[in-house]
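Asker: First the structure, which I've put down as structure tokens, then a few questions once you've had a look.
Derivation of every value follows stated rules applied to the coordinates shown; laboratory data play no part. Please read these numbers as outputs of a predicted model, since none were measured by experiment. Virtual Cβ from ideal backbone geometry, glycine too; neighbours counted across all protein chains shown.
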Amino acid sequence: MFSFSQPKQSSSKPLQTSADNDVSMDAQRQDQTPVQTLYLKPEAYPRGGKEKWKATGRTISAAAGPVGGEVAIWVTKKPSDDPNKPAKLTNADPTVSDEAIIFASINSLSQPLVQLYTESHLLFTSLQQIVADSGRRRLSSVGFGVNGGAESWDTRGNFGTEGLLGPPDAETVINMRRLADFYVDQLGDLKALPDIDAGLRDRFIDAYNIFNLAEILYLPIDGKGEGLVGEELLDWVNEIDVAPDNQLGNEIMSTLNSWDHPSFWPYISRSILRGFHLPAASFLRSLSSHPYAPISKLAVLLAQHLTILPRSSEPKWRVDMDFLQAHKQWLAKFRSELATQLGGKGEGKWFEGEWASWEGGFRCVVELMEGRTERVLEEAGDWREALGAWGILVDVDMRRDHLPEVMSIITEKIPVDKSLSDHVVQSALCSADIIKALMSCYSLDTWLSAHLADLLDKLSLIPDDEEHFEISLRDFFLLEYAQVLQDNPNYKAFWRVICDYLGYAGEEGRGRLKEHLRRLDIPLDRDVKGKSKESSDSTNDEQQGLDASMDIENATESQGEAIKLLDEVRSACVDFRLDDVWQEISQVLATRLISAGQYGMAATLALMARDGFALSRIADKVLESFVTCGQDEYLALVDTLPPTLLAEAPTALLHLQQSTSNPTEFPSHSAVSVFASRITFLSEFRDYLLFLSQDARDRAAGRVVSLLTSGIAPVGFWAVLLVESIRLLEDSEILFTSNETFELLRVLEEVYANAAFAEEEYLGQLVQYLQRTLSTLSAEKERHIIKKNEKKVTMEDARRKMDEVRLAISRNLARAMVAGFDSPF
């Protein structure tokens, strides 16, 4: 159900909708599958106003997207009860919700998946760093390039020449094994969680089993993989498929004559296959009380030898050769004593009379102990059990390199069930068919295929398949996994996780990373004023005041979060060396902030982006605030600008001026020079206003002259500065020397001359300035109950004001010359 009203507590179940059929809010609920309730904004009706809203003839429809889990919701007309009449609205006044199409996500991630995706990301990035550090170390050891080729590596551990290093060394493999252990441990913890969905638990179990197998086969503990692998594979088989059943074993042993139980011999065989030789020996020893002596004696013999059957996992073997020699001797001794016990009846007829049928059970045990291939394949329940038994019974010298050949023998007799995706992946890994294993993983779980491919690729095990893929298989799986993260409703929470997966996925991933960063929503420009203004027309005064106070609190919190997000985005751009992307982001945000009137943050971003034109716009906006709003507003806005910007702008401007050594050269019109002059003017004009407020009139006068003669003041502001100088020119003290007064006169004449053909450019800001001062004066008079209609200032008024400036300059010049103060004559 879709609702535009205020949220209430309700149970949430998966939303079911169709991409082909709209979902009507008015459908009979008793005929619907329980759905998730989504509360959307803008609201179509207030809480409790649903029925009144429906009475206007409106309803809500929705359509689900074919991919991505998105749904589009919109307000529409309710179909008429009479099919021959068109739908009508009783209240046709449009609202915001009537004209909006809202997109929402109906997918959701369970907490275990969120935990997996978050924690595995840390392991993934650590793995990249481990391999990168290894590459630097190996290159340095062979003296490759300057500093061991360090200049070929970026900050994310990517090397410029692919395939140069080959497979990692043993030390790196050991470190990779440790990280793989963390992957396996994490999956193990998740599959053991109580109260999780059965399907999700199965996914965790499959991923755990596959990752564990890949770790055993391709990330050996010693980093080399030259040792025996039989015991590790058997432990893996016993963990993923527990057998034989302990309860059945207890049941057999509790029988009066255990050998009479129908599962007696199958249980012994299964115990031998699974490496549980001591329990199997205990079952055989139970036959020591059998009434037929040949059976009891043979059972005791088998139990004795089964108990001492050498295992490569025993700590007493210094090297593999010691174990192999001991096993060879054990097998020879076993066969010799067996032949003696049977009295040369090796081909059959071990027992006589009614006990002849017992030979089959004993022969099965003997052939398993001898490691007969046919018997192992016959008794094994599936290919995995056969593989586990192979390394401890058939070929105790089995190494990792032998597995493809062993798998071909096993699967010829015991085919892999293709309907079981996890079996397909596991058999492909054992057969060293990496591409098949990864493609099968992809159909099983995207997370698994991405992280397993990353590990195997770093071991140089994934062959290039340019015929089927334009990019490497590893990059393909990483990109697919990143897309999964982008398609879910927790997208914002995963944005940094997505960056790392895209950043490590080759050129294609880097391209997508740029777009991903560009599309991040950083809500710096959403302030309280906008919210309050929007809501002022639709709420009463009491509610408006409440909403405004809530907006202030929320704005403060959201602004802090937005700034934190901005800092993290900047860090990501630096990490991935995406200076151009950061510049674009900063420019866009600066533009939005300028429109929102947040000039301080806008200036910071423009400075980061080296966007001189944006800084010039900010300077113009801030200066405009003085013209239209006055000194207090101007000073408040200047104080929001970065102190570094204000402090360094004069120095930057001086450097630019000094760099123009040729007197015939014009000053640079680059963005840097423009912003330097604009920001320098803001800083110095602020000083002028502060001097006035501190009654330092002489310093204020000197600053006016400096602003007008240094070339940093915008031409449109010259007239305003000249008008500002009137009170200083008319001061009882002579604050301007005759030379300074002549400079003011020169600027005045230039304004007069240029205003003749560019009136708006040279006098436009003065008109606004005079209008503001007139409005301020009118407001003061109103407080004294003096009514006066506000006059609109025109260009003619501006020219008359300039005449006042001329008169003030003339008087000051006469006073300065009479006083002999800095006389030019």
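Asker: Just rank Glu480, Glu232, fewest to most, by other beta-carbon atoms within 10 angstrom.
Answerer: Glu480, Glu232
Asker: Now, a different point. Taking a spot 7 Å from the Cα of Lys333 along the direction of its beta carbon, which residues of segment 353-391 have an amide N less than 18 Å from it?
Answerer: Inside the label zone: 369-371.
Asker: Here is a further query. Subtracting the Cα-Cα distance from 0.36 nm times the residue separation, let me have the gained length for Asp401 to Ala432 in nm, one decimal.
Answerer: Result: 10.3 nm gained on full extension.
Asker: Continuing with this model, one more query. So, R0 is 25 Å and r is the distance between the beta-carbons of Thr640 and Asp580; what FRET efficiency does that work out to, to 0.05?
Answerer: Computed FRET efficiency for Thr640 and Asp580: 0.35.
Asker: May I ask you to derive the FRET efficiency for Leu278 and Ala192 from their Cβ-Cβ distance with R0 = 22 Å, giving the value to the nearest 0.05?
Answerer: Step by step, r from the Cβ atoms, then E = 0.20.
Asker: Order of 181-188, 327-334 by packing, highest average Cβ count within 10 Å first?
Answerer: Sorting 181-188, 327-334 by mean packing, highest first, produces 181-188, 327-334.
Asker: Where the centre of each part is set by its Cα atoms, how far does segment 436-464 sit from segment 242-287, in angstrom?
Answerer: Here the two parts' Cα centres lie 40 Å apart.
Asker: On to the next question. What number, in nm² with one decimal, is the all-direction average of the projected area of the convex hull of the alpha-carbon atoms of segment 237-398?
Answerer: Computed as one quarter of the Cα hull surface, the answer is 9.8 nm².
Asker: What is the spin-label model distance, in nm, from Glu749 to Ala55 if the labels are put 7 Å beyond Cα along the C-beta direction?
Answerer: Placing both labels 7 Å beyond Cα along the Cβ direction yields 8.0 nm.
Asker: Of Lys54/Lys85; Lys316/Lys413; Lys413/Lys458; Lys191/Lys413; Lys436/Lys514, which ones are farther than 25 Å apart at the Cα?
Answerer: Exceeds cut-off: Lys316/Lys413; Lys413/Lys458; Lys191/Lys413; Lys436/Lys514.
Asker: Between Lys792 and Asp731, what FRET efficiency comes out of the Förster formula 1/(1 + (r/R0)^6) with R0 = 25 Å and r the beta carbon distance, rounded to 0.05?
Answerer: 0.20
Asker: Hey, another quick one. What is the extension gain from Ala170 to Trp355, computed as 0.36 nm multiplied by their sequence separation minus the C-alpha to C-alpha distance, in nm to one decimal?
Answerer: Between Ala170 and Trp355, full extension yields an extra 60.9 nm.
Asker: Compute the length gained on full extension between Arg178 and Asn238: take 0.36 nm times their separation in residues and subtract their Cα-Cα distance, giving the result in nm to one decimal.
Answerer: Residue separation times 0.36 nm, minus the Cα-Cα distance, leaves 19.4 nm.
Asker: What's the ranking of 514-520, 316-322, 299-305, 598-604 by average number of surrounding C-beta atoms within 10 Å, highest first?
Answerer: Highest to lowest by the protection proxy: 598-604, 299-305, 514-520, 316-322.
Asker: Another question about this same structure. Please give the Cα centre distance for segment 336-367 versus segment 192-238, rounded to the nearest Å.
Answerer: Taking the Cα centre of each part, segment 336-367 and segment 192-238 sit 40 Å apart.
Asker: Taking the simple approach of a point 7 Å from Cα along Cα-to-Cβ for both Lys345 and Ile308, what is their distance in nm?
Answerer: Inter-label distance under the simple model: 2.5 nm.
Asker: Using a basic spin-label model with each label point 7 Å from the Cα along Cα→Cβ, how many nm lie between Gln111 and Arg610?
Answerer: Between Gln111 and Arg610, the label points sit 4.8 nm apart.
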